[in-house]
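Asker: One structure, as structure tokens, below. Some questions next.
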Amino acid sequence: MSWLQALVLGLVQGLTEFLPISSSAHLRITSTLFFGNDAGASFTAVIQLGTEVAVLIYFAKDIGRFISAWFRGLFSAEARKEKDYKLAWYVIIGSVPISVLGYLFKDEIRTSARNLWITATMLVVFGLLLGLADHLAKQQRDELRMKDAIGMGLAQALALIPGVSRSGGTLTAGLFLGLTREAAARYSFLLAIPAVFGAGLFSIPDVLERTGGAGEASIPQMIVATIISFVVGYATIAWLLKYVSKHSYSVFVWYRLMLGLVLMGLLSMGLLQPI
């Protein structure tokens, strides 16, 4: 991997991780279209650690409250009534589907699921679903319930397929379940922490195992790309929370549809290879 590729992919990761447009799809497309190789699922998982550190810092006070409430609730019946205790459990429960499926299908995720035809299809299909949810959902609730944790957790698991979008899937599910855009976005950020950190740490041994293959990043390149994704990702969180409080997701829906259709066109003309 060239240094330019590492820098560009770190920037792309930071810009797209929290937007409902699929960061894994953008990394896959950018790497293949402009650099002629696939940086790989392990590279993607590791540089996502940068964006999740951004979440930890941005929501540090909230996360501290949740952890404190969770431990208090283990020993106090009164503490179990607190909203923060319940939300801590919602994050844990919502993280189970992607953890289990990610482990069971880790080989497919790194190989056949990265077919660009699948990526293009998922961009279009889940773009339409996001648009439908954004248009039809009632958006009446700010407070999460157990059904929200389960529904959004299952939606997050679909993001193991590039093109679905982890944030896009969880936001779509949250809107269909009746949450406001901002409430769904905040829970989506928190829900990502265990899953993405787990995937990133699990993939570190793979990227440390040097094979000399095309697109393979060096350790310094991996570190720099992760730092870039952290800095850009932190700024993206603040922007998105402000944006969704006043706007719909329509701009992201149209972007997904156009990107998916353009990608299908490039594949059909043979200008891009699916694998």
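Asker: Treat each spin label as a single point 7 Å out from the Cα along the C-beta direction, and report the PHE71 to VAL100 distance in nm.
Answerer: About 2.9 nm, to one decimal.
Asker: Here's something else I'd like to know. Tell me, what % of the accessible area of the chain is carbon and sulfur with a 1.4 angstrom probe? Walk me through the numbers on the way to the answer.
Answerer: Details: 8780 of 12610 Å².
C and S atoms contribute 70 percent here.
Asker: As an exercise, identify the GluC sites (Glu not before Pro) in the range 46-129 lying in DSSP coil whose Cβ has no more than 15 other Cβ atoms within 10 Å.
Answerer: On the way: sites: GLU52, GLU78, GLU82, GLU108; in loops: GLU78, GLU82.
Taking the range 46-129 and a limit of 15 other Cβ atoms within 10 Å, the loop GluC sites (Glu not before Pro) found are GLU78.
Asker: With the other protein chains left in place, how much accessible area per residue, in square angstrom, belongs to the range 149-275 at a 1.4 angstrom probe? Spell out each step's value before the answer.
Answerer: Working: 5470 Å² over 127 residues.
Here the per-residue accessible area is 43 Å².
Asker: Arrange the peptides 187-193, 148-154 so that the one whose residues have, on average, the most other Cβ atoms within 10 Å appears first. Mind dumping the intermediate values first?
Answerer: Details: 187-193: 23.0, 148-154: 21.1.
Packing proxy ranking, top to bottom: 187-193, 148-154.
Asker: May I pose another question? Report, in debye and to the nearest 20, how large the dipole of the range 3-269 comes out about its Cα centre when Lys and Arg carry +1 and Asp and Glu carry -1 on their Cβ. Could you put the intermediate results ahead of the total?
Answerer: Working: 22 positive and 17 negative charges, 137 e Å.
The dipole of the range 3-269 has a size of about 660 debye.
Asker: Let me ask something additional. What does the charge count around PHE230 come to, taking other residues whose C-beta lies under 12 Å from its C-beta (Lys +1, Arg +1, Asp -1, Glu -1)?
Answerer: Working: positive: none; negative: GLU17, GLU52.
Taking every Cβ under 12 Å from that of PHE230, the sum is -2.
Asker: Do the sum for the chain: with -39,500 (n - 2.57) for every DSSP H run of n ≥ 4, divided by all residues, what is the mean residue ellipticity at 222 nm, to the nearest 500 deg cm²/dmol? Each step should come with its number before you reach the end.
Answerer: Working: 12 runs with 206 residues, N = 275.
Calculated mean residue ellipticity at 222 nm is -25000 deg cm²/dmol.
Asker: Ranked from highest to lowest mean number of other Cβ atoms within 10 Å per residue, what is the order of the peptides 65-73, 162-170, 91-99, 11-19? Don't jump to the answer; show the numbers that get you there.
Answerer: Working: 65-73: 17.1, 162-170: 28.7, 91-99: 20.0, 11-19: 23.6.
Top to bottom by mean Cβ count within 10 Å: 162-170, 11-19, 91-99, 65-73.
Asker: What is the distance, in nm, between label points placed 7 Å from the Cα along the Cα-to-Cβ direction at VAL262 and at LEU7?
Answerer: According to this spin-label approximation, the distance is 2.3 nm.
Asker: For the chain, what is the per residue volume of the convex hull drawn over the alpha-carbon atoms, in cubic angstrom?
Answerer: 117
Asker: Next question, about the same structure. Return a single number: how many Lys pairs in the range 3-269, at a sequence separation of 8 or more or on separate chains, have alpha-carbon atoms below 17 angstrom apart. Numbers along the way, then the final one.
Answerer: Details: LYS61/LYS83; LYS61/LYS86; LYS83/LYS147; LYS86/LYS147; LYS138/LYS147; LYS138/LYS246.
Number of lysine pairs found: 6.
The values are calculated or read from the model by the stated rules, or taken from the named source; none is laboratory data. This one's a predicted model, so the numbers in the text were calculated from it and none came from an experiment. Reconstructed Cβ throughout: ideal geometry from the backbone, glycine too, with neighbour counts over all protein chains shown. Heads up: the accessible areas ignore ligands, DNA and RNA and are worked out on the full protein's heavy atoms, side chains in. Shrake-Rupley method; radii C 1.70, N 1.55, O 1.52, S 1.80 Å.
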